1. Exactly one of (1) acidic (Asp, Glu); (2) surrounded by 14 or more Cβ atoms within 10 Å (Cβ to Cβ); (3) touching a Leu at 6+ places or on another chain (Cβ under 7 Å) is unmet by Glu64. Its number?
2. Taking Leu76 as the residue in question, decide whether it is part of a helix (DSSP H, G or I) and touching a helix residue (DSSP H, G or I) at 6+ places or on another chain (Cβ under 9 Å).
3. Suppose we filter Asp69, Asp51 for residues that are charged (D, E, K, R) and without any contact (Cβ under 8 Å) to a residue 40 or more places away in the chain; which single one remains?
4. Taking into account only those residues within segment 87-118 that are among the hydroxyl-bearing types (Ser, Thr, Tyr) and not in a helix (DSSP H, G or I), which is modelled with the highest pLDDT?
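The values are calculated or read from the model by the stated rules, or taken from the named source; none is laboratory data. Note that this is a predicted model, so its numbers are computed, not measured. Using ideal geometry, Cβ is built from the backbone for each residue, glycine included, and neighbour counts are taken over all protein chains shown.
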Amino acid sequence: MNILLADPDRDLLLCYTRLLEQEGHAVATAFDAAELFRLWDEAPRELVILDADLPRLSREKLAEKAAADRTPLLILGTGRSAPAFPGGGTFPYLAFPFFPDDLLRRTAGLLPRKTAAQTEEAAQPEGPALPKETDEVTEDE
């Protein structure tokens, strides 16, 4: 899955990135709000995870972008409850400190589920199709 991760702490950003990549996710990273929105505009994302205290973050712009793109957000922060957003909107929130498994569980719960057909299609090797066991194989003479 394609995740955009934004945190001003480069060490935490590296840890989260490695954790998510070990789970098979493609992760793009940003250190501030300007980079977050630039990367988000460049390519669609299936999930955006960000620190609530990201420098220069406009919560109004964040809420509008998430709604327009229908992209789930996960907000990370130090408070006991999620920060307020314009219009009374709320997003899933994970408070520090948390364990790596907490982040993975929340991420898995927010990512879109693949259908059986999508999973099978992704598992198909590229290149010419090989005959199935039920296909009749004949030799040309």
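1. Status for Glu64: all satisfied but (3).
2. It is false that Leu76 is part of a helix (DSSP H, G or I) and touching a helix residue (DSSP H, G or I) at 6+ places or on another chain (Cβ under 9 Å).
3. Just one listed residue meets the conditions, Asp69.
4. Tyr93
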